[in-house]
Amino acid sequence: LRDNRIELVRASWHELSISVSDVSLSDEGQYTCSLFTMPVKTSKAFLTVLGVPEKPQITGFTSPVMEGERMQLTCKTSGSKPAADIRWFKNDKEVKDVKYIKEEDAVRKTFTVSSTLDFLADRSDDGAVVSCRVDHESLNSTPQIAMQVLEIHYTPLVKIISSNSWPEEGQSIILTCESKGKPVPEPVLWTKDGGELPDPERMVVNGRVLSISFLNKTDNGTYRCEAKNPIGRNSTEYVLIVHDVFNTLLPTTVIPSLTTATVTTNVALTASTTTSATATSIRDPNALAGQTGPDHALIGGIVAVVVFVTLCSIILLGRYLARHKGTYLTNEAKGAEDAPDADTAIINAEGSQVNAEEKKEYFI
């Protein structure tokens, strides 16, 4: 071996050692050590030289990128042996759907590897860090990384936030128009029902904030907030409904009343003068629950039944006496008026027609 990069480290009858500095791919091959004896003895070893991949580069990015456009980023590295491995990451999250191309250099026996990341630009990608990482066994677990920060331009995103979820007459309300876009949107434009704000004295616009004081029914309507930037414009609406003033009643103390009862009595009279009564008691709903004591409704019902039965009995007795009122004479009595004795009276009573007609009564 005749090369200035090769040095003899140790030489003896038992050992011969060399060192090679600044190793290159041309140093790869089979090395032979010979011991000149009779016969000559040899030992061989094959040296493999790894090709260290160059630092990767990302191409294909033009700033800025409009939302919705297709982006194709390519990461490329050369000089690796064997071929290196390329992986893509977006904000430390690996992207799997990529294209991988490997090309071999016939002269140097190394490889050029490239990978392409293809996706549509979205506003969520604005500010995202896209990285290309190259892994190879010659890097001793320390991969080479190339990074690119994305810049996506998009139309404003608009949202209205209200300070009062239940606005009432006489109150005030603040409507804040939040607009986010890139480039930053210009000052927003407030309108009501498609026209200008009708009352500038009460409706004050300060930047993105609309303040309305002393609300009334005429403020009802649709308020629109519009924001724009060089990419485009966007708007959103808020429907304002002013409610009547809500009167809050003062708390009152409820004093429980005594339990009352309503008694309904039904009496049915049969031919045998049998009386039946039914008493229904309805409890006062205002009565306190859980009270113990005599049931006034039941007692009242019983008293009413007794009084009613007594009155009915008196009425029936009166009618009966009225129907049988009058003077009734027996046959002996009829003939005793002019007879000296009882026998004569009987005879006179049986045969005397005059007395019979005079004493006859009719009841209708």
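Annotations for the structure displayed:
- Loop-located chymotrypsin sites (Phe, Trp or Tyr not before Pro) across the range 1-47 with a Cβ neighbour count of 15 or fewer within 10 Å are Trp13, Phe36, with loop assigned by DSSP.
- Couplings 3J(HN,Hα) of the range 81-98, computed from phi: 8, x, 4, 7, 10, 10, 10, 9, 9, 10, 6, 6, 10, 5, 9, 8, 7, 9 Hz, in residue order, whole Hz [Karplus 6.51 cos²θ - 1.76 cosθ + 1.60, θ = phi - 60°; x for Gly and Pro].
- Shape call, the range 6-47: gyration tensor on alpha carbons, a/c limit 1.5: oblate
- Per-residue ³J(HN,Hα) for the range 202-211, Karplus 6.51 cos²θ - 1.76 cosθ + 1.60, θ = phi - 60°, Hz, x for Gly and Pro: 9, 9, 10, 9, 10, x, 9, 10, 10, 10
- Loop-resident sites, the range 46-136, for trypsin sites (Lys or Arg not before Pro), counting at most 15 other Cβ within 10 Å (DSSP): Lys96, Arg108, Lys109
- When the square roots of the Cα gyration tensor eigenvalues are ordered a ≥ b ≥ c, the ratio a/c for the range 156-240 is 1.5 or more and a/b exceeds b/c, which makes its shape prolate.
- Once both labels are positioned 7 Å from their Cα atoms along Cα-to-Cβ, the gap between Lys96 and Glu186 label points is 4.7 nm.
- Contact order normalised by residue count of the range 6-47, Cα under 8 Å, 6+ apart, percent: 28 percent
- Spin-label model, Glu168 to Trp13: label points 7 Å out along the Cα-to-beta-carbon direction sit 11.5 nm apart.
- Overall, the accessible surface of the range 57-150 at a probe of 1.4 angstrom is composed of carbon and sulfur to the extent of 46 percent.
- Taking every protein chain into account, the 1.4 Å probe leaves His296 with about 120 Å² of accessible area, to the nearest ten.
- Rounded accessible area of Asp295 (nearest 10 Å², 1.4 Å probe): 70 Å²
- Cβ-Cβ FRET estimate between Thr62 and Arg123, R0 fixed at 22 Å, reported to 0.05: 0.80
- Ile231 long-range amide H proximity, modeled H, under 5 Å: none
- Gyration tensor verdict on the range 87-225 (Cα atoms; rounded if a/c is under 1.5, prolate if a/b is larger than b/c, oblate otherwise): prolate
- Taken as Cα centroids, the range 189-230 and the range 1-69 sit 76 Å apart, rounded to the nearest whole angstrom.
- Evaluating 6.51 cos²θ - 1.76 cosθ + 1.60 at θ = phi - 60° for every residue in the range 35-48, the Karplus couplings come out as 10, 7, 10, 10, x, 6, 10, 10, 9, 10, 8, 9, 9, 9 Hz, glycine and proline recorded as x.
- For Glu168, residues with placed amide H under 5 Å, excluding near neighbours: His243
- Scattering from the range 57-150 was approximated by placing one identical point on each alpha carbon and applying the Debye formula without solvent; log10 I(q)/I(0) at 0.16 1/Å stands at -0.66.
- Between the amide H of His153 and those of Val65, Met66, Glu67, distances stay under 5 Å, these residues lying 5 or more places away or on another chain, with hydrogens modeled in the peptide plane.
- Percent accessible area from carbon and sulfur atoms, the range 156-240, protein chains only, probe 1.4 Å: 52 percent
The values are calculated or read from the model by the stated rules, or taken from the named source; none is laboratory data. The structure presented is a predicted model; accordingly, all values stated were derived computationally and were not measured. In this analysis, Cβ positions are derived from the backbone assuming ideal geometry, glycine residues included, and neighbour counts consider all displayed protein chains. The protein model used for the area step is the full one, side chains on, heavy atoms only, and it has no ligands, DNA or RNA in it. Shrake-Rupley method; radii C 1.70, N 1.55, O 1.52, S 1.80 Å.
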